[in-house]
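Inspection log for the structure reproduced underneath, given as structure tokens.
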Amino acid sequence: LGDLPYTYSDFTGHILRSFTNREGHYRVLVQGCPDSYELIAWGDVTWDADVPEGAEIEVFARFGSTALEAQNPMADQEGPFEDGLFTPSPNEWRNYVQLDFRLVADIDGAKPSLYSIDVVRMCAPGGG
């Protein structure tokens, strides 16, 4: 072999494709209205993101009357939603929502970036 042995590793990207997790989650809990207000309606949920070709962002929503109910992984959820917008259905108008943003990199590791989230809701004085 001499003074400068030649070595070759088959892992030049194999580790990225085989041993790293291409998927991540960002979860946020949103209260519909403060305690002294009543939730009238959820409006649009929008987000701003940079999503490279081949990568993706999917959003799931889980509603609950309490924060614990909305965060229960065994409870039903709506979604997936894509393209930066969804409007909750009226039967989901409970006071908490957990939004679960599933971010998936493409096969070469190009990752999506989530910049902002906006949740519209309408409240009226007089809630519990």
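Okay, here's what the table says:
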{"item": "Residue ID - surrounded by the fewest Cβ atoms within 10 Å (Cβ to Cβ), chosen from residues in the stretch 20-48 that are closer than 12 Å to ARG102 by Cβ and charged (D, E, K, R)", "result": "GLU23"}
{"item": "Any hit, the stretch 8-28, residues being modelled with pLDDT of 75 or more and under 13 Å from VAL119 (Cβ atoms)", "result": "yes"}
{"item": "Number of the condition not met by GLU82 [criteria: (1) open to solvent by 70 Å² or more (accessible area, probe 1.4 Å); (2) at pLDDT 85 or above]", "result": "(2)"}
{"item": "Cβ-Cβ under 9 Å pairs, at least 6 apart or on other chains, the stretch 109-128 side assigned to a loop (DSSP other than H, G, I, E, B) and modelled with pLDDT under 90, far side surrounded by 14 or more Cβ atoms within 10 Å (Cβ to Cβ) and of a type in the set (Ser, Thr, Tyr)", "result": "GLY126/TYR37; GLY127/TYR37"}
{"item": "Those residues of the stretch 85-97 which are among the polar types (S, T, N, Q) and either within 13 Å of VAL28 (Cβ to Cβ) or not in a loop (DSSP other than H, G, I, E, B) (or both), in sequence order", "result": "ASN91"}
{"item": "Selection from the stretch 98-108 of residues that are in a loop (DSSP other than H, G, I, E, B) and either open to solvent by 20 Å² or more (accessible area, probe 1.4 Å) or within 21 Å of LEU68 (Cα to Cα) (or both)", "result": "ASP106, ILE107, ASP108"}
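The values are calculated or read from the model by the stated rules, or taken from the named source; none is laboratory data. This is a predicted model, so every value here is computed, not measured. So basically every Cβ, Gly included, is an ideal-geometry build from the backbone, and we count neighbours across all protein chains shown. For accessibility, only protein heavy atoms count, side chains too; no ligands or nucleic acids. Shrake-Rupley method; radii C 1.70, N 1.55, O 1.52, S 1.80 Å.
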